[in-house]
Amino acid sequence: MNRWLDISMPLHAEIPTWPGDTPYSFKLSWHKEQSGSVNVGQFTMSTHTGTHIDAPYHFDEHGDKVLALEVNQYAGRALVIDASHTDLVRSYLLENIEKYDVTCVLFKTLSWSDRSHFPERITAIDATIVPLLAANGIALLGVDVPSVDPLDSKTLPAHHALHKHQIAIVEGLVLDDIVPGVYEFMALPLPLQGADGSPVRAVLRAI
């Protein structure tokens, strides 16, 4: 059986966050020497650190929060598409997508080359491709950058278009060494009540 490939960003003290957002931290609140039996840790982080999902509530006051999301939407057959040669993901990259019989598309942009620093520019998603994705049964879109929209966008057209067509969003994937093609994919959010997003452990397995 093919092994699962981890395509998640490791969480550590130096992981870059959105400017001004909560930094990641982890510490042991109980040491084994103190408790007599176990180590117990605690962590603090933004819900949009590293590899994560966006719930619609993140950008829509009336959108669903994490606990209301359909968990099956975050697993399925996925097509990894090479988008490393463009500065905007456009519809031509989706030519013949219907022949792959997938419910997820993951765009390998390679535009976040140094993950020790938050990027200044990224390859974003052209919101006009979203109806085409929906027409082909796509339920999830993933990217290897912190956002599906330009980092300085206030209107977030791709976020809103994906929400309108009920397509889930996963951001911050690590696709550097992944060969474009079809895989089994999983990136399950934590059951966080009231949350606008969630970290995920995203994995792929060759089919």
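Out of everything in region 113-153 that is touching a Phe, Trp or Tyr at 6+ places or on another chain (Cβ under 8 Å) and in a loop (DSSP other than H, G, I, E, B), what residue ends up being nearest to ILE7 (Cα to Cα)?
ASP144
Could you check region 1-32 and list, in sequence order, the residues that are within 30 Å of ALA206 (Cβ to Cβ) and modelled with pLDDT of 95 or more?
Scanning region 1-32 gives ARG3, TRP4, LEU5, ASP6, ILE7, SER8, MET9, PRO10, LEU11, HIS12, ILE15, PRO16.
Just checking, how many residues over region 183-207 are in a strand (DSSP E or B), buried (at least 16 other Cβ atoms within 10 Å of the Cβ) and of a type in the set (A, V, I, L, M, F, W, C)?
So the answer is 4.
Of the residues that make up region 15-28, is at least one assigned to a loop (DSSP other than H, G, I, E, B) and exposed (fewer than 12 other Cβ atoms within 10 Å of the Cβ)?
Checked region 15-28: at least one residue is assigned to a loop (DSSP other than H, G, I, E, B) and exposed (fewer than 12 other Cβ atoms within 10 Å of the Cβ).
Taking the criterion of being surrounded by 18 or more Cβ atoms within 10 Å (Cβ to Cβ), in a strand (DSSP E or B), in contact with an Asp or Glu (Cβ under 7 Å, 6 or more places away or on another chain) and in contact (Cβ under 8 Å) with a residue 60 or more places away in the chain, would at least one residue in region 70-85 satisfy it?
No, the conditions are met nowhere in region 70-85.
For region 41-58, give me each residue that is surrounded by 21 or more Cβ atoms within 10 Å (Cβ to Cβ) and hydrophobic (A, V, I, L, M, F, W, C).
ILE53, ALA55
So for region 154-177 (the condition being under 24 Å from ASP21 (Cβ atoms), free of Cβ contacts under 8 Å to residues at least 12 places away in the same chain and either assigned to a loop (DSSP other than H, G, I, E, B) or touching a Ser or Thr at 6+ places or on another chain (Cβ under 7 Å) (or both)), does at least one residue qualify?
So far as region 154-177 goes, yes, one or more of its residues are under 24 Å from ASP21 (Cβ atoms), free of Cβ contacts under 8 Å to residues at least 12 places away in the same chain and either assigned to a loop (DSSP other than H, G, I, E, B) or touching a Ser or Thr at 6+ places or on another chain (Cβ under 7 Å) (or both).
Is it fair to say HIS31 is farther than 21 Å from LEU133 by Cα and touching a helix residue (DSSP H, G or I) at 6+ places or on another chain (Cβ under 8 Å)?
Criteria not met by HIS31.
Taking the conditions exactly as written (modelled with pLDDT of 95 or more, outside any loop (DSSP other than H, G, I, E, B), surrounded by 13 or more Cβ atoms within 10 Å (Cβ to Cβ) and not basic (Lys, Arg)), does LEU110 satisfy them or not?
When the stated conditions are applied, LEU110 does not pass them.
Return yes when ALA168 is out of contact with any strand residue (DSSP E or B) (no Cβ under 9 Å at 6 or more places or on another chain), on the phi < 0 side of the Ramachandran plot, at pLDDT 95 or above and of a type in the set (A, V, I, L, M) and no when it is not.
Here the answer is no, as ALA168 does not meet what is asked.
When you check VAL105 against the structure, is it assigned to a strand (DSSP E or B), modelled with pLDDT of 95 or more and at negative phi, yes or no?
yes
The values are calculated or read from the model by the stated rules, or taken from the named source; none is laboratory data. These figures come from a predicted structure and were not determined experimentally. All Cβ positions, even for glycine, are placed from backbone atoms using ideal geometry, and neighbour counts span all protein chains on display.
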